[in-house]
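Every number here is computed from the coordinates shown, using simple stated rules; none is lab data. Because the structure is predicted, anything quoted here is derived from the model rather than measured. FYI the Cβ positions are ideal-geometry reconstructions off the backbone, even for glycines, and counts take in every protein chain you see.
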Amino acid sequence: MSPLLTSQVAYILFILCLFLFYGSLVRRGFIAGRAIIGVGVIVGIVAATVSFFHIPIETRRQSPLLFLVLPPAMMALCAAVCVWLAYRAQTVLELATFSVGDTRVGVRYAPAARIEADALLLTTTTVGRMLSSVSAAVGIAAGSQVEKAVVAQAPLGIGKVVATGGGRLAVDQVFHAAVHEPQRPVTEAALRRGMENAAQQARKAGAETIAVPVGSVRGIPLPRAAEIVAEAVLKQRRAFLDITFVALDMRSAPVIREAVERAVNALTPAVR
């Protein structure tokens with residue numbers, strides 16, 4: 001491999017690793033809020049500086065100023081876009097709020113690392129692996145110790161609920177409900193039973209506020225899955241001051257909001 005090609009490969013790998021490392025820190029919640037912008041600015045400065053000094057010395061001496069400024073400027077622009085996307089992805093948005101008796105029921109868009117509650121209700125497999133899109137996102141934000149704690153208690157029967165700590169999440173406990181076997185579809189009955197049991201366990205543990213991340217599950221369309229989860233959890237609504245259904249994906253947020261609204265409206269006026 002020629003020295004020039006080696007230099008190019010090293011440069012590309014460094015830039016990729018730099019941005020991937022930054023993205024990983026954001027995704028895992030190590031940096032949040034305005035720190036995303038601050039660290040992003042540092043990443044952009046480093047990337048732009050490396051881009052400038054990557055130009056050979058002889059080329060820098062013979063090239064016009066515009067040629068020298070263009071690569072760092074483009075790298076700074078790329079960094080700005082990445083920082084904006086990272087900051088936007090970490091934004092928390094309140095999508096809907098309902099009052100059901102003395103309980104506040106909310107729908108929120110938030111990344112997994114920004115979830116806050118006394119308890120978090122989550123579906124899992126009978127072997128305890130956090131493989132679905134929702135549980136995987138939560139597992140990344142919480143840290144590997146949470147999944148290891150669930151796997152240590154496996155195998156789990158369908159509907160069985162186990163509790164773990166919240167890891168790096170701002171929750172005291174996570175209640176994992178086994179709703180399907182690996183690589184097998186989820187049935188509506190299993191999903192309903194698992195979430196009802198998880199809510200009951202959170203109630204028995206004394207949680208006053210619960211967060212319920214909602215997403216697609218194998219075998220059930222998202223609108224129906226979200227409605228089943230909402231109906232199951234709302235059966236225990238009197239035990240909690242606040243129930244928040246969380247959309248981890250902005251694209252699924254409107255579907256989840258509508259599903260929760262249907263579940264709330266299905267409650268009789270007398271019950272509400």
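I'd like the FRET efficiency for residue 62 and residue 129, computed as 1/(1 + (r/R0)^6) with the beta carbon distance as r and R0 of 41 Å, rounded to 0.05.
According to the calculation, E is roughly 0.10.
Using Cβ counts within 10 Å as a stand-in for footprinting exposure, how do 81, 150, 255, 46 rank, fewest first?
With the sparsest Cβ surroundings first, the list reads 81, 46, 255, 150.
I need 82, 17 ordered by Cβ neighbour count within 10 Å, fewest first.
17, 82
Cα atoms only: what Rg and Dmax, in Å, come out for segment 84-160?
Spelled out, the Cα radius of gyration and Dmax of segment 84-160 are 15.1, 43 Å.
Helix 34-53 against the longest principal axis of the chain: what's the angle in degrees, Cα atoms only, rounded to the nearest 10?
30
Where does the chain land on the Kirkwood hydrodynamic radius, alpha-carbon pairs, in angstrom?
Across the chain, the inverse of the average 1/r is 20.6 Å.
Taking the Cα centroid of segment 17-40 and of segment 235-252, what is the distance between the two, rounded to the nearest whole Å?
Their Cα centres are 27 Å away from one another.
Just to be sure I understand: if I project the alpha-carbon convex hull of segment 3-89 onto a plane and average over all orientations, what area do I get in nm²?
Working: hull surface 23.5 nm².
So the Cα hull casts an average projection of 5.9 nm².
Between beta-carbons, use under 14 Å as the cut-off and find the net charge around residue 129, counting Lys and Arg +1, Asp and Glu -1.
+1
Compute the relative contact order of the chain as a whole-number percentage, counting only Cα pairs closer than 8 Å that sit 6 or more residues apart in sequence.
Rounded, it is 18 percent for the chain.
Could you work out the local net charge near residue 216, counting Lys and Arg as +1, Asp and Glu as -1, over the other residues with Cβ closer than 12 Å to its Cβ?
Every neighbour counted, the sum reads +2.
If you add up the charges near residue 263, with Lys and Arg at +1 and Asp and Glu at -1, over every other residue whose beta carbon is less than 9 angstrom from its beta carbon, what do you get?
Here the charged neighbours net out to -2.
Among 266, 110, 223, pick out the residue whose Cα is farthest towards the positive end of the charge dipole of segment 93-266, where Lys and Arg carry +1 and Asp and Glu carry -1 on C-beta, about the Cα centre.
So the residue we want is 223.
List every residue whose amide H lies under 5 Å from the amide H of residue 235, counting only residues 5 or more places away in sequence or on a different chain, with H placed 1.01 Å from N in the peptide plane.
Those lying under 5 Å, H to H, from residue 235: there are none.
Please give the charge dipole size of the chain, origin at the Cα centre, charges +1 on K and R Cβ atoms and -1 on D and E Cβ atoms. Round to the nearest 20 debye.
On the way: 27 positive and 17 negative charges, 31 e Å.
Around 140 debye, computed over the chain.
Sorting 156, 121 on the 10 Å Cβ count, fewest up front, what's the list?
So the ranking, lowest neighbour count to highest, is 156, 121.
When the chain is fully extended, how far beyond the present Cα-Cα distance does residue 145 get from residue 34, taking 0.36 nm per residue of separation?
Gain on stretching residue 145 to residue 34: 37.2 nm.
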